[in-house]
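Read through the structure below, which is laid out as structure tokens, and then see the notes.
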Amino acid sequence: MATVSFNKATRIYPGGDKPAVDQLELDVADGEFLVLVGPSGCGKSTSLRMLAGLEDVNAGSIHIGDRDVTHLPPKDRDIAMVFQNYALYPHMTVADNMGFALKIAGVNKAEIRQKVEDAAKILDLTDYLARKPKALSGGQRQRVAMGRAIVREPQVFLMDEPLSNLDAKLRVSTRTQIASLQRRLGITTVYVTHDQVEAMTMGDRVAVLKDGLLQQVDSPRSMYDRP
Ligand code: ADP
Ligand code: ADP
């Protein structure tokens, strides 16, 4: 079961006068699409990076399923993360970008090929497997970054402002694609955005952060209904 729980997870940056994330208490259900939203600097990325193992947790703990991952390195957490800038390898083809993590993990070539082909089909990238990232549109690059994450079949999927480099029109269509892909895969997802509309249209639940403190967690519907 890929539940996620933050148990009073706290991050204080060296020299910081107050916590960037202060005793975060948050449970994400198996298969849920949870969105972390709030203005710039409220602690969204720090929360996500603590879950990914990219940022130290100074107090409290983080669990994935029944495993305490608080002090595990990123590679042992069974997560995959899509970054804002996609961080694709420019000298590799789309296929090699998507298969790279599996290659590093020692998976055999036939199996990698199959997984890359399957992911490419789902993401509408089959015709682009031999291209280099620079020969792709922004939306296609975004899908390669998603593909690279899903071929690993991680337990938890993390996304940090994955639409911020797309133009407004593409943002709207990609929003729908990501949400439907997530539902199809049923993978527990934590998604960071500063965009309230994005949060409300994509999330099963939305967690609102302000100044490092969790303000509320609710379904978009009940947030709209609230006076
Ligand atoms: P958000 O993702 O919501 O924009 P962040 O998690 O990036 O917010 O930042 C939360 C707070 O922590 C901010 O006040 C930010 O300035 C501070 N912060 C973020 N990263 C660092 C860092 N590496 N060193 C010191 N302070 C940081
Ligand atoms: P290498 O370049 O390591 O000798 P390959 O040419 O088989 O091996 O490709 C590198 C990786 O990218 C492989 O693991 C492979 O499965 C994947 N890959 C390459 N081309 C394709 C393709 N057209 N369709 C699907 N996967 C591919």
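Where in the stretch 196-212 does the amide nitrogen come within less than 19 Å of the point 7 Å from the Cα of Lys18, taken along Cα to Cβ?
Those under the cut-off are 208-212.
Between Ser173, Ser61, Ser45, find the one with the highest GNM mean-square fluctuation for the chain; connect C-alpha pairs within less than 10 Å.
Top of the fluctuation ranking is Ser173.
Be a star and scan the stretch 59-100 for residues whose amide nitrogen sits under 16 Å from the point 7 Å along the Cα-to-Cβ vector of Ser40.
The answer is 84-85, whose backbone nitrogens lie closer than 16 Å to the label point.
What are the ³J(HN,Hα) couplings of the stretch 107-116, residue after residue, when phi is run through the Karplus curve with 6.51, -1.76, 1.60 and θ = phi - 60°? Round to Hz, x for glycine and proline.
Each residue's phi maps through the Karplus curve to give 5, 6, 4, 4, 5, 4, 3, 4, 5, 5 Hz.
Apply the Karplus curve 6.51 cos²θ - 1.76 cosθ + 1.60, θ = phi - 60°, to the phi angles in the stretch 214-222 and return the couplings in whole Hz, x for Gly and Pro.
In residue order, the calculated couplings are 6, 8, 6, 9, 7, 6, x, 4, 6 Hz.
Under 10 Å, Cα contacts only: if you run a Gaussian network model on the chain, which one of Gly16, Gly53, Gly65 comes out with the highest mean-square fluctuation?
The residue with the greatest mean-square fluctuation here is Gly16.
Net charge near Ile150, counting Lys/Arg +1 and Asp/Glu -1 over other residues with Cβ under 12 Å of its Cβ?
Every neighbour counted, the sum reads +4.
What are the principal axis extents of the Cα atoms in the chain, in Å, biggest first?
Principal extents (Cα only, largest first): 48, 39, 34 Å.
Given just the C-alpha atoms of the stretch 121-168, how large is their convex hull per residue in cubic angstrom?
90
If you take every residue apart from Lys134 with its C-beta less than 15 Å away from the C-beta of Lys134, what net charge results, scoring Lys and Arg +1 and Asp and Glu -1?
Here the charged neighbours net out to +2.
In the neighborhood of Asp56, defined by Cβ-to-Cβ distances under 11 Å, what is the net charge if each Lys or Arg adds +1 and each Asp or Glu adds -1?
+1
If contacts are Cα pairs under 8 angstrom and at least 6 residues apart, what is the relative contact order of the stretch 1-115 in percent?
Relative CO of the stretch 1-115 lands at 23 percent.
Below 8 Å, C-alpha to C-alpha, sequence gap of six or more: please give me the relative contact order for the chain in percent.
Relative contact order of the chain: 30 percent.
Using Cα springs under 10 Å in a Gaussian network model of the chain, which residue among Phe157, Phe100, Phe33 shows the largest mean-square fluctuation?
Among Phe157, Phe100, Phe33, the largest GNM mean-square fluctuation belongs to Phe100.
Taking the radius of gyration and the Kirkwood hydrodynamic radius from Cα positions alone, what is the Rg/Rh ratio for the stretch 4-111, to two decimal places?
The Rg/Rh ratio comes out at 1.03.
If you restrict to DSSP beta bridges whose two residues both lie in the chain, what percentage is antiparallel, to the nearest 5?
50
Evaluated at 4 °C with a viscosity of 1.567 mPa s, what Stokes-Einstein diffusion coefficient in µm²/s does the stretch 3-53 have when Rh comes from the Kirkwood expression over alpha-carbon pairs?
111
List the residues whose amide H sits under 5 Å from the amide H of Val192, counting only those 5 or more places along or on another chain, with H placed 1.01 Å from N in the peptide plane.
Leu36, Met159, Asp160, Glu161
Starting at 0 and stepping by 10 Å, how many percent of the alpha carbon pairs of the stretch 65-197 end up in each bin?
Computed distribution, short to long bins: 12, 43, 35, 9, 0.
Where a number appears in this text, it was derived from the coordinates with a stated rule and is not lab data. Here the structure is a predicted model, which means the values were calculated and not measured. A quick note on method: Cβ atoms are made from the backbone with ideal geometry, for glycine too, and the neighbour counts reach across all protein chains shown.
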